[in-house]
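Student: There's a structure below that I have some questions on.
The values are calculated or read from the model by the stated rules, or taken from the named source; none is laboratory data. What you see is a predicted model; the values in this text were computed from it and never measured. For neighbour counting, all protein chains shown are included, and Cβ atoms are generated from backbone atoms with ideal geometry for every residue, glycine included. Keep in mind that these areas ignore ligands, DNA and RNA; they rest on the heavy atoms of the full protein, side chains included. Shrake-Rupley method; radii C 1.70, N 1.55, O 1.52, S 1.80 Å.
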Amino acid sequence: VMSAAQELQLKKGKTYKTGVFLSEFYLAYKDIVQAGYEVEFATPDGIKPTIDKESYHKKYWSGRDSLITEAASFIQENEKFNHPRKLAEIVHHIWSYSGLVIPGGQGLMADLIKDKNIPALLMAFSDTGKPIGLICHAPALLLSMPKAENPFTGYCVSAVTALEELFIETFVIKGKPVIRKIGKQLKKAGLKYKKGRPAGNFAIRDRELITSQNPYSSMAFGKLYLEALNEYQTQKTPR
């Protein structure tokens, strides 16, 4: 599930051209497909996701920057990526999926954070024990549910840190988003926020929920998510 937003509203009337973070999407996609799974894509209105230009930089690819050219070709040529399903449709077909992944990027803070289908998806996947992977900014979507109804209350989660947010605001987007300090907000919502070192490879699994801190966490995220996905497959397959 990905954002289709093209810009993020900042404070003081500023905006930032943004989208999905390519490395966070493609490295997770690559790991899942190589493990033998088929992937479908969905956005709020079935619109092709926009990619944040910042995410093409080699430093975000955790030593796998040889895949940048491949990823760039994929987003231009892949039929499913270019014609994603609508989130509203996915909500009614959750039974046909084994897991959910939402990559980060500032775009989701503009559209997915307000989309009424996101709480329904998160709760439905949680209710059925299917793995949910939220990368970098995506754990902010856990804030889209009222505390009293949030099935993830008490879970250990990670997300982009305050220091990493400050770096992004100062040197990348050059402004402050309306929604920020995600870790602090997750704590207030009743989740147990954990973090690794800035720009470190850090991810957490708590039951069906796998969350990661930043673009540098692809290896940790991939390992934990595939473990959860394979466990789910084993449990649902009759012996």
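Student: Scan the stretch 1-40 for residues that are free of Cβ contacts under 8 Å to residues at least 40 places away in the same chain and assigned to a loop (DSSP other than H, G, I, E, B) and report the count.
Tutor: 2
Student: Taking PRO151 and the conditions (1) within 20 Å of GLY13 (Cβ to Cβ); (2) in a loop (DSSP other than H, G, I, E, B), which numbered condition does it fall short on, given that it satisfies the others?
Tutor: Every condition holds for PRO151 apart from (1).
Student: Go through the stretch 170-187 and give me each residue that's under 19 Å from the mean Cα position of the chain (by Cα) and part of a helix (DSSP H, G or I).
Tutor: Listed by number, the residues that qualify are ILE182, GLY183, LYS184, GLN185, LEU186, LYS187.
Student: For GLU24, state whether it is touching a Gly at 6+ places or on another chain (Cβ under 8 Å), charged (D, E, K, R) and either surrounded by 15 or more Cβ atoms within 10 Å (Cβ to Cβ) or modelled with pLDDT of 95 or more (or both). First the steps, then the outcome.
Tutor: Values: touching a Gly at 6+ places or on another chain (Cβ under 8 Å): yes; charged (D, E, K, R): yes; either surrounded by 15 or more Cβ atoms within 10 Å (Cβ to Cβ) or modelled with pLDDT of 95 or more (or both): yes.
Judged against the criteria, GLU24 is a match.
Student: Of all residues in the stretch 49-93, which are in contact (Cβ under 8 Å) with a residue 12 or more places away in the chain, surrounded by fewer than 15 Cβ atoms within 10 Å (Cβ to Cβ) and in contact with a Pro (Cβ under 9 Å, 6 or more places away or on another chain)?
Tutor: Selection gives LYS86 alone.
Student: State yes or no: is LEU134 outside any helix (DSSP H, G or I) and of a type outside the set (Phe, Trp, Tyr)? Walk me through how you get there before you give the answer.
Tutor: Values: outside any helix (DSSP H, G or I): yes; of a type outside the set (Phe, Trp, Tyr): yes.
Judged against the criteria, LEU134 is a match.
Student: What single numbered condition from (1) surrounded by fewer than 18 Cβ atoms within 10 Å (Cβ to Cβ); (2) within 17 Å of the chain's Cα centre (by Cα); (3) closer than 17 Å to GLN213 by Cβ; (4) of a type outside the set (Val, Ile, Thr) fails to hold for LEU163?
Tutor: Checking LEU163 against (1) surrounded by fewer than 18 Cβ atoms within 10 Å (Cβ to Cβ); (2) within 17 Å of the chain's Cα centre (by Cα); (3) closer than 17 Å to GLN213 by Cβ; (4) of a type outside the set (Val, Ile, Thr), the one that fails is (2).
Matching residues to (1) open to solvent by 20 Å² or more (accessible area, probe 1.4 Å); (2) not β-branched (Val, Ile, Thr):
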residue: SER158; (1), (2): no, yes
residue: GLU169; (1), (2): no, yes
residue: ILE173; (1), (2): no, no
residue: LYS188; (1), (2): yes, yes
residue: LYS192; (1), (2): yes, yes
residue: LEU209; (1), (2): no, yes
residue: GLN213; (1), (2): no, yes
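Student: Out of the stretch 41-56, which residues are under 30 Å from TYR232 (Cβ atoms) and either over 15 Å from the mean Cα position of the chain (by Cα) or in a loop (DSSP other than H, G, I, E, B) (or both)? Before the answer, list the steps.
Tutor: Of the residues in the stretch 41-56, the ones under 30 Å from TYR232 (Cβ atoms) are 41-49, 51, 55.
Across the stretch 41-56, the qualifying residues are PHE41, PRO44, ASP45, GLY46, ILE47, LYS48, PRO49.
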